[in-house]
1. Touching a residue at least 12 places away in the same chain (Cβ under 8 Å), closer than 21 Å to Val247 by Cα, open to solvent by 20 Å² or more (accessible area, probe 1.4 Å) and in a strand (DSSP E or B): which single residue out of Ala154, Ala203 fits that description?
2. Out of all the residues in segment 174-195, is one or more open to solvent by 40 Å² or more (accessible area, probe 1.4 Å), touching a Phe, Trp or Tyr at 6+ places or on another chain (Cβ under 9 Å), assigned to a strand (DSSP E or B) and of a type in the set (Ser, Thr, Tyr)?
3. Starting from segment 158-169, take each residue that is in contact (Cβ under 8 Å) with a residue 24 or more places away in the chain and list its partners that are basic (Lys, Arg) and part of a loop (DSSP other than H, G, I, E, B), counting only C-beta distances under 7 angstrom and pairs at least six apart or across chains.
4. Quick check on this structure: which one of Ile329, Ile313 is open to solvent by less than 60 Å² (accessible area, probe 1.4 Å) and without any contact (Cβ under 8 Å) to a residue 40 or more places away in the chain?
5. Going through segment 123-151 one residue at a time, which ones are among the hydroxyl-bearing types (Ser, Thr, Tyr), open to solvent by 40 Å² or more (accessible area, probe 1.4 Å) and under 28 Å from Val263 (Cβ atoms)?
6. Look at Thr306 and say whether it is open to solvent by 60 Å² or more (accessible area, probe 1.4 Å), touching a residue at least 40 places away in the same chain (Cβ under 8 Å) and within 24 Å of the chain's Cα centre (by Cα).
7. Checking Glu199 against (1) out of contact with any Pro (no Cβ under 7 Å at 6 or more places or on another chain); (2) modelled with pLDDT of 85 or more; (3) of a type in the set (D, E, K, R), which test does it fail?
8. Tell me whether segment 206-216 contains one or more residues that are modelled with pLDDT of 90 or more, among the basic types (Lys, Arg) and crowded, with 17+ Cβ neighbours inside 10 Å.
Amino acid sequence: MSDQQLIGLLEKYLQGHCTEDERTALESWYDNYRAVQTPDSSDAAPDLLQVYNDITDRLKKEGEWQEPAAAAVPKIKQRWWQVAAAVVLLLAGAGIWMLLPRADRQLALDTKEGVRKKVLLGDGTRVWLNVSSHLTYAANIGSGQREVYLEGEAFFEVAKKDQHPFVIHTTDLNVQVLGTRFNVKAYEGDGSIETTLVEGHVAVSRNGNSLVLAPGEKAILRKKTQVTSGMVMNGRIIDWGDVLLIVEKVTPNVSSQKVSELVWMDDRLEFKDKSFPELVRLMSRWYNRKIILTDTFPTDYRFKGTFKKETVIEALTALEVTADFNYTIKGDTVYIHH
């Protein structure tokens, strides 16, 4: 669909000139967009006029819009393609392509650094996305195969459907369930993939290897070169060829959500035994700030802490008490020095 077609279709809809197929396509898009943005909202008529007005209001502030004295739908004075581009971005942000058959459409959910989101999928599964995460799934997930693709971290409450197992794909590990509650952490660059089971049962698998977790267990997938002696204190190690699967007991009462793997859902940043590079990646995502290490730090610098309402500066100031470092700020970037 070209830019001209997109803006033309929106205008036709608002003026009541859409065909039945065009109206169905736009209303279907709006239903999915609203489910992504406000999953708990009640049913209501599509408010595409509000979406249209939001876009034009933004252009008015930029001085790129002139509204005629009388018009059912405002016309664009100049640079009309900006509204079309905004509509394209809106559609892409919701991950919906209106002209594709519903079974082939892919929806995408994203959270930026410092932002968390709760969403309801079409099959009834609830998902909490942590910061800097990306989730992709089919538009017909409520009636077909239930497979999603995750980059980042998310907590799932999976609606049980015995005939259609729910599968989460990450870069190196798959998680399959029938109905359960669990957390998956698969950030690029972290060097590991973690699955923490709250209730029910899940099977983690990779390249023909698989293992069923019990509630209160956490599975950590690491390359063999990343596992050192003494790293595993409370668990077992399973050899999966070029990688190791470390299975740990998290807590006898994991559903209390008091363990560090789950407290992010309560808007708390909690970490333990983190090196400086690991801590920087974690805090950069959490606070949406660029943090740069300007020096090499000793490997025995390990950190633990819990923060909720503290700013990144307040958190770093508190950590300064436990280790020999200082920081400077230039613009939006924090530089840490040894």
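The values are calculated or read from the model by the stated rules, or taken from the named source; none is laboratory data. In this text the structure is predicted, and so the values were computed from the model without any measurement. Don't worry about glycine lacking a Cβ; one is built from the backbone with ideal geometry, like all the others, and counts go over all protein chains shown. Calculation scope for accessible area: heavy atoms of the full protein, side chains included, ligands and nucleic acids excluded. Shrake-Rupley method; radii C 1.70, N 1.55, O 1.52, S 1.80 Å.
1. Values: Ala154 fails: open to solvent by 20 Å² or more (accessible area, probe 1.4 Å).
Result of the check over Ala154, Ala203: Ala203.
2. Narrowing segment 174-195 to residues open to solvent by 40 Å² or more (accessible area, probe 1.4 Å): 174, 176, 178, 181, 188-189.
Adding the requirement that they be touching a Phe, Trp or Tyr at 6+ places or on another chain (Cβ under 9 Å) leaves 176, 178, 181.
Still in the running and assigned to a strand (DSSP E or B): 176, 181.
Add one more test, that the residue is of a type in the set (Ser, Thr, Tyr), and what stays is none.
No, that holds for no residue.
3. none
4. Going through Ile329, Ile313 in turn, just one is open to solvent by less than 60 Å² (accessible area, probe 1.4 Å) and without any contact (Cβ under 8 Å) to a residue 40 or more places away in the chain: Ile313.
5. Step one: filter segment 123-151 for residues among the hydroxyl-bearing types (Ser, Thr, Tyr), giving 125, 132-133, 136-137, 143, 149.
Right, trim to open to solvent by 40 Å² or more (accessible area, probe 1.4 Å) and you get 143, 149.
Within segment 123-151, just Tyr149 meets the criteria.
6. Against the criterion (open to solvent by 60 Å² or more (accessible area, probe 1.4 Å), touching a residue at least 40 places away in the same chain (Cβ under 8 Å) and within 24 Å of the chain's Cα centre (by Cα)), Thr306 qualifies.
7. (1)
8. Narrowing segment 206-216 to residues modelled with pLDDT of 90 or more: 206-213.
So of that shortlist, the ones also among the basic types (Lys, Arg) come out as 206.
Subset that is crowded, with 17+ Cβ neighbours inside 10 Å: 206.
Yes: segment 206-216 contains one or more residues that are modelled with pLDDT of 90 or more, among the basic types (Lys, Arg) and crowded, with 17+ Cβ neighbours inside 10 Å.
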